[in-house]
Amino acid sequence: QVQLVESGGGLVQAGGSLRLSCAASGRSISTYAMGWFRQAPGKEREFVAAISWSGGSTYYADSVKGRFTISRDNAKNTVYLQMNSLKPEDTAVYFCASKYSGSNYRISNYDYWGQGTQVTVSS
């Protein structure tokens, strides 16, 4: 079993940047694809980004492509999400998750989830 803890969220002005971290414990995540999702108030949780086990392949939602970058450091058992040019519509709780199979974009393909970190972007 793996425990995931997100950090790095906060309040930032539009146009600013934040770097989220997702630290894993309990088992190595080096052989698992990892993803970031977000959930805004009153909305469903949505896919943001994913990264293959090696870090060689990355995937992004259209809404964040070109602004967000997902990366990982398997030696540190940590996944990151660099968020630049933030917009008020990026405001949400951000979750990292470990994928066990299938499409990177489908929430049901992820089995372990962190508790989330709040990101608030002011206009």
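A few comments on the model shown:
- Pairs meeting the criteria (first residue in the stretch 72-100 and open to solvent by 40 Å² or more (accessible area, probe 1.4 Å), second residue among the acidic types (Asp, Glu), beta carbons under 7 Å, at least 6 apart or on different chains) are Tyr100/Asp111.
- Index of the failed condition, Phe37 passing every other in (1) touching a helix residue (DSSP H, G or I) at 6+ places or on another chain (Cβ under 8 Å); (2) over 16 Å from Glu6 (Cβ atoms); (3) of a type outside the set (Gly, Ala, Ser); (4) part of a strand (DSSP E or B): (2)
- Scan of the stretch 19-44 for residues that are touching a Gly at 6+ places or on another chain (Cβ under 6 Å) and open to solvent by 20 Å² or more (accessible area, probe 1.4 Å), ordered by number: Arg19, Ser21
- Residue match in the stretch 61-69 (condition: of a type outside the set (Asp, Glu), on the phi > 0 side of the Ramachandran plot and surrounded by fewer than 16 Cβ atoms within 10 Å (Cβ to Cβ)): yes
- All positions within the stretch 101-123 that are at positive phi and surrounded by 14 or more Cβ atoms within 10 Å (Cβ to Cβ): Gly116
- All conditions but one from (1) surrounded by fewer than 19 Cβ atoms within 10 Å (Cβ to Cβ); (2) hydroxyl-bearing (Ser, Thr, Tyr); (3) closer than 27 Å to Ser122 by Cβ apply to Thr58; the one that does not is (3).
- Subset tally (residues that are exposed (fewer than 14 other Cβ atoms within 10 Å of the Cβ) and part of a strand (DSSP E or B)) for the stretch 1-18: 5
- Selection from the stretch 45-59 of residues that are assigned to a loop (DSSP other than H, G, I, E, B) and among the hydrophobic types (A, V, I, L, M, F, W, C): Trp53
The values are calculated or read from the model by the stated rules, or taken from the named source; none is laboratory data. What you see is a predicted model; the values in this text were computed from it and never measured. Counting neighbours? That spans all protein chains shown, and the Cβs are built from the backbone with ideal geometry, glycine included. Just the protein is used for accessible areas: all its heavy atoms, side chains included, with ligands, DNA and RNA removed. Shrake-Rupley method; radii C 1.70, N 1.55, O 1.52, S 1.80 Å.
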